[in-house]
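Every number in this text was worked out from the coordinates using simple rules, so none of it is lab data. Only a predicted model underlies this, so the values are computations on that prediction, with no experimental measurement involved. Cβ placement follows ideal geometry from the backbone for every residue including glycine, while neighbour counts extend to all protein chains displayed.
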Amino acid sequence: MAESKDYYEVLGVSKNATADDIKRAFRKLAKQYHPDAQHTEEDKKKAEVKFKEINEAYSVLSDENKRAQYDRFGSNFEQAGFNGAGYGNGFGGFDFSGFGNGMGVDIDLDDILGSVFGGGFGGFGSSKKQGPTKGADLRYNLNITFEEAAFGTNKDVNVSRQEKCDMCNGSGAKPGSKIITCDKCGGRGKIQITQNTIMGTFSSVKTCDKCGGEGKIVETPCEKCSGKGTIRRTRKLNINIPAGIDNGQAISLSGEGDVGKKGGATGDLFIVVNVAPHKIFTRRGFDILANFKIPYSKMVLGGTIKIPTLEGEIDFDIPEGTNAGTTFKVRDKGIQNIHGRGKGNLEFTVDVDIPKRLNDRQKEILAEFASTLGEEVSPKKKGFFR
Ligand SMILES: [Zn+2]
Ligand SMILES: [Zn+2]
């Protein structure tokens, strides 16, 4: 499986490309990188890799649901280190090994495209019924404070998800009612269709739309779930937020998403955290940054100042002759490393806190001080502007 590839880039289409655009781009590339269109062994190897990429991208972008999921989750998963998580199903389903090796030299591109556009990857010519499907992965956006992210917390969240209907136990049939064979596909779950396209005519096998590929139809649907076998329920879940989590990162809860169909695995739940900004601190990795104003005299003479940290005030010694813009570092006063090893630092930059109103006495002293440095000072007379 390719890591964090931009599928739109792979197919050379824009993010808002239509289904037709995507199909067209895929056909063009599939022709170009088809193994049989290559002249040397080396080209063939390169083309195979590319061909797989193209197929992977197309398998996601051509499927409305997978595309929506990819658009929604793509970047967040990368940030959180969940590369590819959540759509393990859709990827890698296209078996390339049959091409160019076992099937002989003369492969008709329409066969390949037929299998791609038809009943799903690897399903060409097969009358296999639709198997179990994994339930959808869900995303929940959770707002937390800066401190909660720094120290970790517990939160109750209400998640609305599809669960197995308890009345029919997921079968969709009213208890006691019969399940009959689908008349459209004769119980095969698949129907053969012939399509005329710019690439020529080819036939493919599609999932039966009447029975959804099951080959069977429920005679009397379950009243509680209207025959779907699933019902929407809201569950309260207690989420443990680890110390050190950052804005945009996600916590994955395996098996807490939508229930699967026909015994398929349950989807996962991703809690994506949105961390509110702090009044004083900003964050850089596990370090926290701040700007503090220090009295002029403290910067000149040096001395102890009180500075805020996430764990309360601490004393800090400012050296004599500190310039505005100097940055100091306090070790281990940052944020807990989420991977469990140590803490970040607090870094703060100092600025001069220039007093706005001095009385005459204070001005006199300052002027006298300045004169000792050889500076010429003529303080404004009080009341000049009155
Ligand atoms: Zn039911
Ligand atoms: Zn059917």
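Note on Asn323 and Arg24: the model spin-label points, each 7 Å out from Cα along the C-beta direction, lie 6.1 nm apart. Highest average first, the peptides 194-200, 333-339, 259-265 ordered by how many other beta carbon atoms sit within 10 Å of their residues are 333-339, 259-265, 194-200.
Would you please name the GluC sites (Glu not before Pro) within the range 170-227 that are DSSP coil residues with at most 15 other C-beta atoms within 10 Å of their C-beta? When the GluC sites (Glu not before Pro) of the range 170-227 are filtered for loop state and at most 15 Cβ neighbours within 10 Å, Glu219, Glu223 remain. Annotation: peptides 268-275, 225-232, ranked by per-residue average of other Cβ atoms within 10 Å with the highest first, follow the order 268-275, 225-232. If R0 equals 35 Å, the separation of the Cβ atoms of Asn65 and Asn337 corresponds to a calculated FRET efficiency of about 0.45. Each Lys or Arg adds one and each Asp or Glu subtracts one; over the other residues with Cβ under 9 Å from the Cβ of Ala57, this totals -3.
Close amide H pairs (under 5 Å, H built 1.01 Å from N) link Asp353 with Ile294, Tyr296, residues at least 5 positions away or on another chain.
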